[in-house]
Amino acid sequence: MGRHVDQVGQAVYSGLWAILQKWFRVPRGSVELPPAPDDTLNRSFRPDPGFLRYLKTIFWIVCLIIDVALALVWLLIFIEKPSVGMILAPVFLILIVVPDIIAYVALHLRFDTTWYAMNNRSLRIRRGVMVIHETTITFENIQNISIHRGPLQQYCGIAKLVVETAGGGSSQPGETSTNVGIIEGIEDPESIRDLIMARVRSSKSAGLGDERDDHRPLAGTWSPAHIEALKEIRAALSTPA
């Protein structure tokens, strides 16, 4: 019986995907990056299965809170006015069941439509169903990578990587803005972080603020030619017209 239900569920989900791909052009396959010369890092990957467990755990916690609250409201109405409670019973049943089904399908779609890709030059992140968000981050612009792992994520064996890049401006004087890319649902974030940082360090302009041309004069250092030119300008200004 359970196997039959699973087969029916898979058939319904496949039919939903067919509709999304036909009418909304939702890509189901992996995200890809243009091939780069001597590319040794071209790979695509998805969140690990623990991410789906993480999403389902949040789903059941939220559903339990909301559904119990709705059931209590209906029970209070039924106790006060049984006839009204019987009339409103189908309404409350719809409010409890239908949103749960929609949310459950949505979290599966979120998992199935999240993809990451890397090559020797950049990282690409794609997620979304109705609105597809695709972000490409070049390694030379990455400034920081941090690992975030909350209690529930740790229980599910996953973490997320937050990739910070140089921003295009700032709303406040003296502040710098950053753009953020999030790689979520990864079982081994340290290996992904180390892989990205290796590419950042190998970039000619890593954007980390640690490059320096040792043959370039430091700011505020004057060459003898500059000094002589300044003396000539001073002498010319001090000569009476």
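The stretch between Leu107 and Glu190 holds 27.3 nm of extra length on full extension. This uses 0.36 nm per residue minus the Cα-Cα distance. Highest average first, the peptides 140-151, 48-59 ordered by how many other beta carbon atoms sit within 10 Å of their residues are 48-59, 140-151.
How much FRET efficiency would the formula 1/(1 + (r/R0)^6) give for Ser30 and Leu72, where r is the Cβ-Cβ distance and R0 is 45 Å, rounded to 0.05?
Numbers: r = 45 Å, r/R0 = 1.01.
Efficiency, from the Cβ-Cβ distance: 0.50.
Shape class of the stretch 48-113 from the alpha-carbon gyration tensor: prolate, with a/c at 1.5 or above and a/b greater than b/c. Distance between the pseudo-spin-label points of Arg43 and Ile147 (7 Å out from Cα toward the beta carbon): 1.6 nm.
Using a Förster radius of 35 Å, what is the FRET efficiency between Thr135 and Leu16 based on their Cβ-Cβ separation? Nearest 0.05, please. Working shown, then result.
Numbers: r = 26 Å, r/R0 = 0.74.
Computed FRET efficiency for Thr135 and Leu16: 0.85.
Read the figures in this text as sums done on the coordinates, not as results from a lab. Quick caveat: nothing in here was measured; it's all calculated off a predicted structure. Backbone-built Cβ (ideal geometry, glycine too); neighbour counts: all protein chains shown.
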